[in-house]
Amino acid sequence: MDIKVALVGNPNTGKSTLFNRLTGLNQKIGNFPGITVDKKTGYTKLVDGKDAEVIDLPGTYSLYPKSNDESIVFQVLADKENSSHPDVVVLIVDASNLKRNMLLFSQVADLGIPMVLALNMTDLSDKQGIYIHVDKLAKKLGVQVIPISARNNIGIDKLKAAITYTNKIATQVNAVEVNYLAPEAINAIKQKINSDNDYYALQILHQHEHLTFFSEKEQIEIEEIEKSNHFESSKIQAAETIARYKHLSTILADVVIDKGTAEKFSFSDKLDSILTHKVWGFAIFLLILFVIFNAIFAWSSYPMDWIESGFGYITEAGHQYLPAGMFTDLVLDGIIAGLGGIFVFIPQIAILFAFISILEDTGYMARVTFMMDKIMSKVGLNGKSVVPMIGGLACAVPSIMAARNIENWKDRMITIMVTPLISCSARLPVYILLISLIIPAKTIFGIISMQGLALMIMYMISFIAAVLV
């Protein structure tokens, strides 16, 4: 029987990289039952020769969900009858941001599922002067701690060995005491669900409305327990989070050595202070947009000329060597010329898609989200709406799918309705044709293309109009 291993972690901790490293091409993507959230699964072979099914759960900062994706994590971990419920959890943390990542570890560990802590990006933390006493940390937490670098394939075999060991021998996690937060309600839930886990019972009280494995009758009974014991979810959640951070601070103070490099502003911190500045941040954002639209005209002109020349050569050669007639005219002046008219725009569309991918992969989109939140809130949206709306410049369909991670249902629906109004790449050839006919191919100060500037203004008008609608 295959071992089921769930990968859990904060966003941007290298969880997907580790998943790809473990499974290679032996993976598939589906949906979790009853919800349109991607379910990535794959297989890997452990050190004892057994196969393990690896499930890449959505990234989350806490077991308290703020989106459909995040709600899946607790649903899978809590429901033992769920087809994705793991035998072992591998919780991935960024070694250079250990304290921030460890809140999720503390919560998952207290559910009582066997787990391994994977310290990812240890090569980066070493460069920053952050050193972690791995053995001491493992002893204090009560779980195996494995330093890895998923990107560089370091420590993967040790991680597989730890998974095998953890599956065979139960780990004794040093849990955080939570019973005092709502003793009567927690004990009542434990008795009802026949469990001795305080934290599992507390999470049931917090999240039962979203849990599909409870019947309607059971939901009503849990609500009655909440009401009769005056269970205040938000206050108890805040108190629990504070208690966990205090507990983690005590542990990490003794195992993490910072030699001073991390105390200074890192290059990333300095960059953030500029990119999210209330004045310079917007100026840089507009500059980046201009570079993108300028590149669509300036950089693409060479491959466009090559494509146009190539199709022109094919047409000319065809007329020279093929017999004259209706069929030849159809092929050369109809099909070939038509394909040439379409292919000639591929470089411009490719440049637009490439720039959007670069902005997402470098994390700049996340900074734009933060920067735009205040402005977007004034028109009934939030900062996270910017990502699908900018993505709409390339294609509206995947951008609408990206809107599912917006927590608020109303904001999510507004974003989905507005995104198709953004001018997508399918309209780009029309814009380019009109601009080429109307705007002269001149430059301002020798570098600023008037046609690129016109294209940027057209897209900005489209974006503003969509937001105002």
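The values are calculated or read from the model by the stated rules, or taken from the named source; none is laboratory data. Predicted model only: the values in this text are computed from it and were never measured. Cβ sites come from the backbone with ideal geometry, for glycine too, and all protein chains shown count toward neighbours.
Please work out if residue 146 is β-branched (Val, Ile, Thr) and in a helix (DSSP H, G or I).
It is false that residue 146 is β-branched (Val, Ile, Thr) and in a helix (DSSP H, G or I).
Which one of 325, 363 is in contact (Cβ under 8 Å) with a residue 40 or more places away in the chain and at positive phi?
Answer to the check: 363.
Residue-wise test of (1) within 24 Å of residue 17 (Cα to Cα); (2) surrounded by fewer than 16 Cβ atoms within 10 Å (Cβ to Cβ); (3) of a type in the set (S, T, N, Q).
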site: 142; (1), (2), (3): no, yes, no
site: 150; (1), (2), (3): yes, no, no
site: 156; (1), (2), (3): yes, no, no
site: 189; (1), (2), (3): no, no, no
site: 209; (1), (2), (3): no, yes, no
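What number of residues within the stretch 280-298 are touching a helix residue (DSSP H, G or I) at 6+ places or on another chain (Cβ under 6 Å) and under 16 Å from residue 350 (Cβ atoms)?
Of the residues in that region, 6 qualify.
Restricting attention to the stretch 322-376, and to residues there that are among the β-branched types (Val, Ile, Thr) and not in a helix (DSSP H, G or I), which single residue is modelled with the lowest pLDDT?
Ranking the candidates gives 362 first.
Pull up the stretch 281-304, narrow it to residues that are under 13 Å from residue 457 (Cα atoms) and aromatic (Phe, Trp, Tyr), then point me to the one that is surrounded by the fewest Cβ atoms within 10 Å (Cβ to Cβ).
Step by step, filter the stretch 281-304, then rank; the result is 290.
Within the stretch 194-227, can you find the residues that are small (Gly, Ala, Ser) and outside any helix (DSSP H, G or I)?
Scanning the stretch 194-227 gives 195, 215.
Of all strands (runs of 3 or more DSSP E) completely enclosed by the stretch 58-135, which ones contain at least 3 residues that are of a type in the set (Val, Ile, Thr) and crowded, with 19+ Cβ neighbours inside 10 Å?
Because the criterion is at least 3 residues that are of a type in the set (Val, Ile, Thr) and crowded, with 19+ Cβ neighbours inside 10 Å, the strands (runs of 3 or more DSSP E) in the stretch 58-135 that meet it are 88-94.
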